[in-house]
Each structure stands twice: as structure tokens, then as C-alpha cells.
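Trainee: Please read through the structure below; I'll follow up with questions.
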Amino acid sequence: MKVLVIGGAGYIGSHVVKELMAKGHKVTVFDNLSSGLKQNLFKENGFIKGDILKVKDLEKAFGKGFDAFVHLAAFKAAGESMVCPEKYSINNITGTLNILNAAVKFKCLNMVFSSSAATFGEPQYVPIDENHPKNPENYYGFTKLKIEEFMAWYEKLKGLKFAALRYFNAAGYDPEGVLYGLEKNPANLLPIVMEVACGKRDKMKIFGNDYPTRDGTCIRDYIHVTDLASAHVLALEYISSRKESLTLNLGTGNGITVTEMVDAARRITGKEIKAEYVERRPGDPAQLTAKSDLAKEKLGWEAKYSDVDTLIGSTYSAYKKFYKM
Ligand code: UDP
């Protein structure tokens, strides 16, 4: 298939592009390189430098004719979204509506969307299945939930078929070591841990140790980015061949606390990794773990690289390569 990957120069996007190429799809990346990196582009692919806030850029891209598109162009820092919601309204909501309108205008009606576990908010039960109530605890999650609703409306009104993939905590780097472009201003846990391990920052903060969890720090379900990428390809093939939309949770079901993650990173890197416990970060649910049975049932998808050692090991390799350590 001819596939447009919007946000394809970013962290998850570049891994999705690599998997699409491996499965023989013809890829064009659309990215404004605000957080995406030139280094993440593959010379075999088309590249359009464009902005999802510019309707003209999108129409020009979709006008080239694609069978499907993947939309990963969004801001994703839950903490920041609570302080700066405007940024998330404009980029995540307005940008996505621009994409949807351009896509339907040019009859590109197969869409894979990066949704998030943040759509659920504080769990009422774990692991979280697809039907769990949605009460986002941060504004970022709210934007993802609204986009899922927009896609459902565009399905009814315009015949769009979509796969909403609710990522739990994306982590890790390409196990083959081809992709190692680091995010510019990371706010997620593992990149921060790696910056300390690589001496780029002195110490890190652990946000809250008074949560009702086994060691007081938040539990998350970390899923390797290459596992996420394979789910994108399977989902795209599924919706386009069966003409059936999908909404799926993508995680492993294994919960890891922040302290456990930091300790594992100390073991794997052999570095001290100084950390201090500080106040909770607003908008953080205590525990998020996924039930991904539906992804297995519908797509035959399974996580292969999401054990803690591969998650941390592949990330550390990327950091060492990037910083030439
Ligand atoms: N976290 C932390 N220190 C950091 C970054 C993150 O303690 O410097 C915690 C955060 O509070 C959350 C977990 O690590 O409990 C995962 O956070 P991240 O931002 O990576 O992903 P989120 O779960 O918010 O999508």
C-alpha cells in the first residue's frame, strides 16, 4: 500500500516507518521536524516537510494519492498539557481535524491513529480493557479521547475506517540499532533515566512515592516501540482489507513501578543514576496496565521486545550510540 505517515520523523513514527518498509509498503513521511528528526528519515522514502496546522500542506500531500495514512503528529507530555492546554488544543485537536478533512477530501479513508492509555484516567479496575470507562485525568488524554470520537463520526458520515491504538507507555529503541535519533526535549521516564545514566543530567526526580502501589511510585505498562510499530502495520492491513474499524489497547499487562524501572536501569547500565523523590506530578494516575487480548485476537499481535531488559538495554544502546559513548 501507499502510506502517508504523518509524524513519521518522530520517535514512534520512525519505528512505524521501518516496520512498514519491512512489510513492503511504499512510505511517504509528512513531518514539520519540530520534534521529529532528519536523522530518522530513510532515504528510500518520500519526505514532505509540512505542518498539520497548514491545510494547504496537508491537501498537497493527500493530493498525491495514498491508500492509507498513519497519524502520529501530536504533543504527548501529560504533565505539560496540564500547564499549557492551549498548545494541545491547537496541535492535537485542530491539527487532527485538518488531517481528517484533507484525508476525506482526497478519499484516503484508512487511518491508523496514535491514541493513548491516558484516555482512561484513574483505572476503576486493572488490567484495563477497551471498554473501561474513559475519564482522562490529564488534558493530553482528553485530546486523544475527543479524536477517537471525531474518527467515529467521520466513519459514520464519510466512510473512514480507522484503528485507534491506545498505547500504554511506549519505550525502548529499534533492537537492530538502525534508529537512534533521540527526542529533543524528552519528558518521559526512560529518556530521563538515560540522560542521568549518560551524564547529561546530574539526577532525576521521581514524582510521588505515596501512591497506593507496592512501593508508593506509579505503576505503568511499558511497551517496546518496535512492538507498537508492528501493531500499526497489522492494524492498517486489517482495516483496509476488512473494511472494519478497530480500537485496541496495546500493552503487556505487566506493571512496573517507577522505582523498579530506575533500579533495573542501574543494574543494566551499571551507573549510579541519582534519583530523589519529589511531589506528585498533576494528572498522573497511580496505575495503568493494559489488557491486550483483543489485539491478539484481531491482529494476532504479541509483544516480543517488551521485557524490562530489552526495553532498557535497547534504549541505553541508542543513547550510547547517539552520544558516541
Ligand atoms: N516520571 C518520574 N520522573 C520523570 C518522568 C516520569 O517519576 O522524570 C514518572 C511519572 O510520574 C509516571 C511514570 O514515570 O508515573 C511514567 O511517566 P511518563 O511521563 O513517562 O509517561 P505517562 O505515564 O505520563 O504517559
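Trainee: Being in a helix (DSSP H, G or I) and aromatic (Phe, Trp, Tyr) is the filter here, so list the residues in segment 48-73 that pass it.
Mentor: Answer for segment 48-73, where residues must be in a helix (DSSP H, G or I) and aromatic (Phe, Trp, Tyr): just 62.
Trainee: Residue check: is residue 131 outside any loop (DSSP other than H, G, I, E, B) and of a type in the set (S, T, N, Q)?
Mentor: The answer is no for residue 131.
Trainee: Filter segment 212-227 down to residues that are closer than 11 Å to residue 311 by Cβ and among the aliphatic types (A, V, I, L, M) and give me whichever is farthest from the chain's Cα centre (by Cα).
Mentor: Among them, the one singled out is 223.
Trainee: I'm trying to understand the selection: among the residues of segment 97-146, which are within 14 Å of the ligand (Cβ to nearest atom) and among the aromatic types (Phe, Trp, Tyr)?
Mentor: 120, 139, 140, 142 - these are the residues of segment 97-146 that are within 14 Å of the ligand (Cβ to nearest atom) and among the aromatic types (Phe, Trp, Tyr).
Trainee: Here are 41, 53, 97: which of them is in contact (Cβ under 8 Å) with a residue 40 or more places away in the chain and out of contact with any Gly (no Cβ under 7 Å at 6 or more places or on another chain)?
Mentor: Result of the check over 41, 53, 97: 97.
Trainee: Kindly indicate the residue of segment 158-173 that is within 16 Å of the ligand (Cβ to nearest atom) and assigned to a loop (DSSP other than H, G, I, E, B) and also surrounded by the fewest Cβ atoms within 10 Å (Cβ to Cβ) among those meeting that condition.
Mentor: Looking at the filtered set, the residue picked out is 172.
Trainee: Looking at 225, 178 in this structure, which one is in contact (Cβ under 8 Å) with a residue 24 or more places away in the chain and surrounded by fewer than 19 Cβ atoms within 10 Å (Cβ to Cβ)?
Mentor: Step by step, each of 225, 178 is checked, and only 178 is in contact (Cβ under 8 Å) with a residue 24 or more places away in the chain and surrounded by fewer than 19 Cβ atoms within 10 Å (Cβ to Cβ).
Trainee: Moving to a separate point now. Could you list, in sequence order, all residues of segment 23-38 that are assigned to a helix (DSSP H, G or I) and touching a residue at least 60 places away in the same chain (Cβ under 8 Å)?
Mentor: Scanning segment 23-38 gives no hits.
Trainee: Could you say which residue among 76, 107 is crowded, with 24+ Cβ neighbours inside 10 Å, outside any helix (DSSP H, G or I) and of a type in the set (Lys, Arg)?
Mentor: Of 76, 107, the one residue that is crowded, with 24+ Cβ neighbours inside 10 Å, outside any helix (DSSP H, G or I) and of a type in the set (Lys, Arg) is 76.
Trainee: Of the residues in segment 179-192, how many are within 13 Å of the ligand (Cβ to nearest atom), touching a helix residue (DSSP H, G or I) at 6+ places or on another chain (Cβ under 6 Å) and in a loop (DSSP other than H, G, I, E, B)?
Mentor: Residues meeting the conditions: 1.
Trainee: So residue 311 ticks every box in (1) of a type outside the set (Ser, Thr, Tyr); (2) buried (at least 21 other Cβ atoms within 10 Å of the Cβ); (3) modelled with pLDDT under 95 but one. Which box is left unticked?
Mentor: Answer for residue 311: the failing condition is (3).
Trainee: Still on this structure, I have one more. Please go through segment 198-226 and pick out each residue that is charged (D, E, K, R), within 11 Å of the ligand (Cβ to nearest atom), assigned to a loop (DSSP other than H, G, I, E, B) and closer than 29 Å to residue 302 by Cβ.
Mentor: 221
Trainee: Only one of 149, 155, 176, 195 is among the acidic types (Asp, Glu), under 26 Å from residue 281 (Cβ atoms) and either more than 9 Å from the ligand (Cβ to nearest atom) or in a strand (DSSP E or B) (or both); which?
Mentor: Sole residue among the options that is among the acidic types (Asp, Glu), under 26 Å from residue 281 (Cβ atoms) and either more than 9 Å from the ligand (Cβ to nearest atom) or in a strand (DSSP E or B) (or both): 195.
Trainee: Could I ask something else about it? Given the conditions (1) over 16 Å from the mean Cα position of the chain (by Cα); (2) of a type outside the set (S, T, N, Q); (3) within 13 Å of the ligand (Cβ to nearest atom), report the number of the one that residue 290 does not fulfil.
Mentor: (1)
The values are calculated or read from the model by the stated rules, or taken from the named source; none is laboratory data. Being a predicted model, the structure only gives us computed values, none of them experimental. Using ideal geometry, Cβ is built from the backbone for each residue, glycine included, and neighbour counts are taken over all protein chains shown.
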